[in-house]
1. What is the gain in length, in nm to one decimal, between residue 205 and residue 17 on full extension, counting 0.36 nm per residue of separation less the C-alpha to C-alpha distance?
2. Roughly what percent of Cα-Cα pairs across region 41-210 reach past 21 Å?
3. Work out how much length residue 56 to residue 163 would gain on full extension: take 0.36 nm times their residue separation and subtract the Cα-Cα distance, in nm to one decimal.
4. Which order do the peptides 80-92, 191-203 come out in when sorted by mean C-beta neighbours inside 10 angstrom, highest first?
5. If R0 is 30 Å, what FRET efficiency do you get for residue 151 and residue 114 from their C-beta distance, rounded to 0.05?
Amino acid sequence: MSPRTNSRAFTLIEVLIVLAVILAAALILLPGLAKARIRGGPTCYSNLRQIGLAFSMWENDHRGLYPMEVSIANGGANEAASTNLVFVFQVMSNELNTPKILACPGETKRISATNFFRLASVNISYFVGLDAVRTNPASILSGDRSITNGLGVRTGVLRVTATDPSGWPSTPHRGCGNILFADGSVRYLSTPQLREAITNTGFPTNRLLMP
C-alpha cells in the first residue's frame, strides 16, 4: 500500500492574496521597464550594432581601414570625411543595406531616408568618429549625435577630450546615450561612463563628425 501524501488546496483567500502580490509587483516593475525601454532605445542600440557590422564588412575589404582612412580614389571617403558625414555613409551603402538604420526612432527631428541617393543630415542620428581605427578597440566609431563637450549639441566636427565636461542632454534617451566602439560593441552609457570611455580611447582629442 503506497504511503499517503498530505495535500491541501489553496483557499480562496490565499489565491486572492497571491494575485494581489503579483498585481502589486507588476504595478511597481512595469513603469520602470517602460522607462528603460524608452531610455535605452532598443531600436537605436540595434541600429548602431548594424552600423558597426557595416563598418566591419567594409574594412575587411579594404585592408583593415575604415572609409575615413581610405582615399576617394580608392573607394573611401578620406578627403571628404571631416566635412561630409553623408558621404561617409553613402560609401558604405552596400554594407548598410538600408538608410533607415541611420535614423533613431526616438528623435523627433530626424526622419528615415528612403534611399541613399537622397540621404541628408536630417536622415542621420549618429556621428562618426574620425579617429577610430580597428587596431584600437576602445576608439569611438559612432554613437548618438546628442553627445556634447559641454558647449551644446552642434553639427560638424565636435572635439572631445578627457578633460571636457562631455555628456548627454535629457533627450532623446533621458540623459544617457549609445556608443559604438571599434571592436564592434555598443554600450549604453551614462555621462560618467561616457567620460571614462573618452579617456580610455587614449587619444588627446577625439574628433566626432556630427550630422
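Readers should treat all values here as calculations from the given coordinates under stated rules, not as data from a laboratory. It should be emphasised that the depicted structure is a prediction, and the values quoted were computed from it without experimental measurement. Because the Cβ atoms are built from the backbone with ideal geometry, glycine has one as well, and the counts that use them run over all protein chains shown.
1. Working: separation 188, 0.36 × 188 = 67.68 nm, distance 5.93 nm.
Using 0.36 nm per residue and subtracting the Cα-Cα distance, I get 61.8 nm.
2. Values: 5809 of 14365 pairs.
More than 21 Å apart: 40 percent of the Cα pairs in region 41-210.
3. The span from residue 56 to residue 163 would gain 35.5 nm if fully extended.
4. Per-residue mean Cβ counts within 10 Å order the peptides as 80-92, 191-203.
5. 0.35
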